[in-house]
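Some notes on the structure that comes next.
The values are calculated or read from the model by the stated rules, or taken from the named source; none is laboratory data. Not measured: the values here are computed from a predicted model. Cβ placement follows ideal geometry from the backbone for every residue including glycine, while neighbour counts extend to all protein chains displayed.
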Amino acid sequence: MTLTAPVNKIIPFSNVDGPSNRTAIFFQGCPFNCLFCHNPETINMCVNCGVCVKNCPVHALSFDDSGSVVWDKGKCVQCDTCIKVCPHCSSPKITMMSVADVMKEIRRTLPYIAGITTSGGECTQQNEFLIELFTEVQKLGKTCLIDSNGSFDFESDPRVLSVCDGVMLDVKAYPEEWHRHLIGHDREIVLKNLHYLLEQGKLYEVRTLIFPGRDDENEAAVRYVSEVIGDRCFYKIIRYRPFGVREKYLPELGDFTTDEDYAMKYVELAKSLGAAKAYII
């Protein structure tokens, strides 16, 4: 039986998803429910409610005989109306792809990329697929990175890291109550992965969000991560931006973007604690 996985989109060339130029593959589905998610349409699988079908301005969506929503890629004008009206944080524009299908897309850009990065959603929900995909990509001499929120227990399946060149890990928040509020999940597995990936030499980068006005929460996260990683991997300090965020879910932050000078003080804090490779975006 051919293994398949739900793919939300493939970006042929990306210079923000790891080092050098890469092809980024976004899988559908995520066990976290981050209130500040910039890609909320990747969180859940389509439940075929039909709201998108009614609202599509070019009739690129319809129901098949089984009652499932069908996307006509040829008619689609990529207006994203379906995503905007979806009440379930999903998208009807998902393609079930085999490893061979994904490899066909990767080969289009192969001479111009250093490797691939898998993201989402949360790509590690498709761990069997990743193992097969990475094995094929590495045969071509390209690198394979995982962009993860840390919800997958990497120690539970060593096969994943055996074919993976590195992991870009989110430690989005640290105080337990704040983490649960923002993400809808406790922090235990994320912190376990932080330590494990570092021990295995597979931690390429850690990312932490800096929220406007949340001094105590921001400092706690930066202190914890910096003291754990030291200078052994990159530390990306990310300014919170409201653009694309589901505003009604995070009203306490309103429309404020984290000020650059405010965020820079956390980069300086990280460096003072030994995280020499800390930087801001």
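Based on what the data block shows, is K54 among the basic types (K, R), at pLDDT 95 or above and part of a helix (DSSP H, G or I)? Yes: the conditions hold for K54.
Scanning region 42-49 for residues that are in contact with a strand residue (DSSP E or B) (Cβ under 6 Å, 6 or more places away or on another chain) and not in a loop (DSSP other than H, G, I, E, B) turns up at least one hit. Of the residues contained in region 123-139, one or more are found to be assigned by TED's automatic domain parsing to the domain that holds D186, within 17 Å of E41 (Cβ to Cβ) and either assigned to a helix (DSSP H, G or I) or charged (D, E, K, R) (or both). Somewhere in region 259-280, is a residue of a type outside the set (A, V, I, L, M), surrounded by 16 or more Cβ atoms within 10 Å (Cβ to Cβ), in a loop (DSSP other than H, G, I, E, B) and modelled with pLDDT under 95? Checked against the condition, which is being of a type outside the set (A, V, I, L, M), surrounded by 16 or more Cβ atoms within 10 Å (Cβ to Cβ), in a loop (DSSP other than H, G, I, E, B) and modelled with pLDDT under 95, region 259-280 yields no hits at all.
Could you say whether any residue in region 17-25 is assigned to a loop (DSSP other than H, G, I, E, B) and buried (at least 22 other Cβ atoms within 10 Å of the Cβ)? Within region 17-25, one or more residues are assigned to a loop (DSSP other than H, G, I, E, B) and buried (at least 22 other Cβ atoms within 10 Å of the Cβ).
Close Cβ contacts (under 8 Å, 6 or more residues apart or on different chains) running from residues in region 228-247 that are farther than 26 Å from N33 by Cβ to residues that are modelled with pLDDT under 95 are absent. Here is the figure for region 29-77: residues that are farther than 22 Å from A5 by Cβ and polar (S, T, N, Q) total 2. Restricted to region 198-228, and to residues there that are in contact with an Asp or Glu (Cβ under 9 Å, 6 or more places away or on another chain) and of a type in the set (A, V, I, L, M, F, W, C), the residue that is nearest to D170 (Cα to Cα) is V206. Of all residues in region 57-105, count the ones that are basic (K, R), in a loop (DSSP other than H, G, I, E, B) and without any contact (Cβ under 8 Å) to a residue 60 or more places away in the chain. Number of matching residues: 2. For region 95-108, the criterion of a residue being in the same structural domain as I146 (by TED's automatic domain parsing), touching a strand residue (DSSP E or B) at 6+ places or on another chain (Cβ under 6 Å) and under 25 Å from I183 (Cβ atoms) is satisfied by no position. Checking the stated criteria, C30 turns out to be buried (at least 20 other Cβ atoms within 10 Å of the Cβ), assigned to a loop (DSSP other than H, G, I, E, B) and either in contact with a Ser or Thr (Cβ under 7 Å, 6 or more places away or on another chain) or free of Cβ contacts under 8 Å to residues at least 24 places away in the same chain (or both).
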